[in-house]
Amino acid sequence: MGDFITLENVEKVFQVRRRTGLWRRERREVRAVDSLSFTVARGEMVGYIGPNGAGKSTTVKMLTGILTPSAGRLRVAGIDPARERTRLAHRIGVVFGQRTTLWWDLPLIDSYRLAHRMYRIPDARYRQNLDRLVELLDLGALLDVPVRQLSLGQRMRGDIAAALLHDPDVLYLDEPTIGLDVVSKARVREFLREVNAERGTTVLLTTHDLQDIEQLCSRVMVIDHGRLVYDGPLAGLHEAGESERTLVVDLERELPPVEVPSARVVRVEGPRQWLAFPAGQSAAPLVAHLAARYPLVDLSVREPDIEAVIARMYAERTAP
Amino acid sequence: MAEGRDRRIIEGVRAYGLIAGMWVRSTMAYRASFAMTTFGNFAATFLDFVAIMLMFSRVDALGGYPLPEVAFLYGLSATSFGLADLLIGSMERLGRRVRDGTLDTLLVRPAPVLAQLAADRFALRRLGRVTQGALVLGWSLTRVDIDWTVDRLLLMPVMVAGGCGIFCAVFVAGAAFQFLAQDASEVQNAFTYGGTTLLQYPPTVFAKELVRGVTFVLPLAFVNWLPATYVLGRPYPLDLPRWTAFASPLVAVACCALAGLAWRAGLRSYRSTGS
């Protein structure tokens, strides 16, 4: 099927005006996205990550036709989003984690009924999709509840269903698990995996949560300062960033720093010790080694967070 | 090009109907509440007119117009404005939507943003204002002494439709302005609510400069002043040819076209600068 989303040297420059005095105004250009090029194939599930203000949301807004690029070429399903926004709208589903696309004061079902008519979804198809989404996302009891009364997790599920009713080819998810509890997160992730497998929906996911990516995406793109700094599998990202996971062990009593191969103690606090080891490596042999030699009470593994990985990667790039 | 525009208009009207219909159905789920808010709307605007009636307990005429003739002006202005407010009064919320970013959610739907925005929170209770205006107009017609000719009779519905069009244009232009100044809904209110209040009084009570401004710059005078003075057989304070009394629909079309251009420019600037 080839490339479904194509960006060629896409740029977005914002003019920021700032008052510097009573009459003086300073004009400054902010390059939110800088000569960005990538392609996504149909059916791919891609994580799009980067620190705050890196240009993630700006990219998604250009891909949905909300913003017009300052330069470059951009196509989604062969459509130029900025020029044919409404035609593209039939092909895409969008979930903004922070704001809902549902009609705030009306019962959830009204938003779906309106989408049915507005997107001209055939009746049978609408019924079928709605039933399936209600079942998978467990929305049955929520359909008659006004959207403003839903909890964040419920609303998010409602939003995801709304974005998929019209069988979009692409689904953009902007922070879909932000603020959700563990159970809701797991449910949303499982659902997204299913949609991608069943319908072949292309998914582009921006997130702060590395676990979202780990569990969903085979490919990650990292953007920083408006530029693509990494594009590849998640494991490679850890390598590129030389990131480390942390094993926290609670011992029975205070001991001198433990000795294990391929890990180093980075901190000791009473009977608790922190061990850093490469993220690409399994924690199991490490734990086995420790358990055999030291009196263990408890342990836990901490994943590196995206900010840390990217910061490290960035530092390495700029270092001579 | 023209075909694309026609399709956009059809799509817009369709989306407007869908969204407004949804709001009406949801309001009708609570009939008692609907009846009460509609009555409240009616009563609040009726107090407006009571204020004018009280004024007439002290004077016999305002700017040479007796009460029934002022009621005639009032009824025309209130009905035109009420209709426009009913149809697209929700536009004034644009500024808030730009500020909190929820405008983006309208941009990802397959329908024109203007139609979605105008139909959002479509409130049938605003019929209260229209009803009140129409009642005052009806009452005035039983009291004023009009020499009814065919052209004067025809002018009545033309005037209301044209006036509604002109107010709609003011609403859209005001919303377009909010793309630039996001907290300018008060400025918009000055022209919409302020405009209708102004038109409720005879043009003869205002200074010539103001009347000129309202005739040539922001042509609100075409809502009722110009056509109504013709129907009443009274002179207009400015020396204008007679046909201008019939120009409301043309002025309305021109205003809507200008407002449409302003809207497109506003939306384009939003889409190229972001929120």
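The values are calculated or read from the model by the stated rules, or taken from the named source; none is laboratory data. Because the structure is a prediction, the values reported are computed rather than measured. With ideal geometry, Cβ positions are generated from the backbone for all residues, glycine too; neighbour counts draw on all protein chains shown.
For B:D145, the conditions (1) farther than 25 Å from B:T273 by Cβ; (2) under 13 Å from the mean Cα position of the chain (by Cα); (3) not hydrophobic (A, V, I, L, M, F, W, C) all hold with the exception of (2). The condition of being more than 20 Å from B:W225 (Cβ to Cβ) and aromatic (F, W, Y) does not hold for B:F72. Restricting A:V222, A:V249 to those that are crowded, with 22+ Cβ neighbours inside 10 Å and in contact with a Leu (Cβ under 6 Å, 6 or more places away or on another chain) reduces the list to A:V249. Of all the residues in region A:99-127, those that are more than 8 Å from chain B (Cβ to nearest Cβ), within 28 Å of the chain's Cα centre (by Cα) and farther than 17 Å from A:P168 by Cβ number 3. Any chance region A:62-77 includes a residue that's within 25 Å of A:Y126 (Cβ to Cβ), crowded, with 23+ Cβ neighbours inside 10 Å and not polar (S, T, N, Q)? Yes, there is a match, as at least one residue in region A:62-77 is within 25 Å of A:Y126 (Cβ to Cβ), crowded, with 23+ Cβ neighbours inside 10 Å and not polar (S, T, N, Q). When A:V30 is tested against (1) in contact (Cβ under 8 Å) with a residue 12 or more places away in the chain; (2) crowded, with 23+ Cβ neighbours inside 10 Å, only condition (2) is not met. Among the residues of region A:81-114, the ones that are in a helix (DSSP H, G or I) and within 16 Å of B:P112 (Cβ to Cβ) come to 6 in all. Reported count of residues in region B:123-134, each being aliphatic (A, V, I, L, M) and more than 13 Å from B:F39 (Cβ to Cβ), is 3.
Determine whether B:R264 is of a type in the set (D, E, K, R) and either buried (at least 20 other Cβ atoms within 10 Å of the Cβ) or under 20 Å from B:L62 (Cα atoms) (or both). No. Comparison of B:A169, B:A184 shows that the only residue that is among the small types (G, A, S), over 15 Å from the mean Cα position of the chain (by Cα) and either farther than 16 Å from B:Y74 by Cα or buried (at least 22 other Cβ atoms within 10 Å of the Cβ) (or both) is B:A184.
For region A:276-288, check the following and say yes or no: at least one residue is among the hydroxyl-bearing types (S, T, Y), outside the structural domain of A:A71 (by TED's automatic domain parsing), part of a loop (DSSP other than H, G, I, E, B) and touching a residue at least 24 places away in the same chain (Cβ under 8 Å). No - not one qualifying residue is present in region A:276-288. The set of residues in region A:123-159 being assigned to a helix (DSSP H, G or I) and of a type in the set (D, E, K, R) consists of A:D123, A:R125, A:R127, A:D131, A:R132, A:E135, A:R148, A:R155, A:R157, A:D159. Among the residues of this structure, B:L87 does not count as one that is under 19 Å from B:G260 (Cα atoms), within 11 Å of chain A (Cβ to nearest Cβ) and surrounded by fewer than 21 Cβ atoms within 10 Å (Cβ to Cβ). Screening A:L130 with (1) more than 23 Å from B:T27 (Cβ to Cβ); (2) of a type outside the set (F, W, Y); (3) out of contact with any His (no Cβ under 9 Å at 6 or more places or on another chain) gives one miss only, at (3).
Of the residues making up region A:79-98, those that are more than 8 Å from chain B (Cβ to nearest Cβ) and among the charged types (D, E, K, R) are A:D80, A:R83, A:E84, A:R91.
Every residue, every condition in (1) in contact with a helix residue (DSSP H, G or I) (Cβ under 7 Å, 6 or more places away or on another chain); (2) without any contact (Cβ under 8 Å) to a residue 60 or more places away in the chain; (3) within 22 Å of A:E8 (Cα to Cα), yes or no:
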residue	(1), (2), (3)
A:T64	no, no, yes
A:L67	yes, yes, yes
A:R73	no, no, yes
A:I79	yes, yes, yes
A:A89	no, yes, yes
A:I92	yes, no, yes
A:P107	no, yes, no
A:H116	yes, yes, no
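Kindly check whether there is at least one residue in region A:7-22 that is in contact with a strand residue (DSSP E or B) (Cβ under 7 Å, 6 or more places away or on another chain), surrounded by fewer than 17 Cβ atoms within 10 Å (Cβ to Cβ) and among the small types (G, A, S). For region A:7-22, residues in contact with a strand residue (DSSP E or B) (Cβ under 7 Å, 6 or more places away or on another chain), surrounded by fewer than 17 Cβ atoms within 10 Å (Cβ to Cβ) and among the small types (G, A, S): absent. Annotation: of all residues in region A:1-38 being under 21 Å from the mean Cα position of the chain (by Cα) and small (G, A, S), the one that is modelled with the lowest pLDDT is A:A32.
Each residue in region A:196-207 was checked for being crowded, with 18+ Cβ neighbours inside 10 Å and of a type outside the set (S, T, Y), and 4 of them qualify. Residues of region B:32-89 that are of a type in the set (D, E) and part of a helix (DSSP H, G or I): B:D48, B:E69, B:D85. The criterion of being among the small types (G, A, S), more than 12 Å from chain B (Cβ to nearest Cβ) and assigned to a strand (DSSP E or B) holds for A:G47.
Scanning region A:128-162 for residues that are surrounded by fewer than 17 Cβ atoms within 10 Å (Cβ to Cβ), in contact (Cβ under 8 Å) with a residue 40 or more places away in the chain and within 11 Å of another protein chain (Cβ to nearest Cβ) gives a single hit, A:P146. Within region B:39-58, can one find any residue that is within 12 Å of chain A (Cβ to nearest Cβ), surrounded by fewer than 16 Cβ atoms within 10 Å (Cβ to Cβ) and without any contact (Cβ under 8 Å) to a residue 40 or more places away in the chain? The answer is no; no qualifying residue exists.
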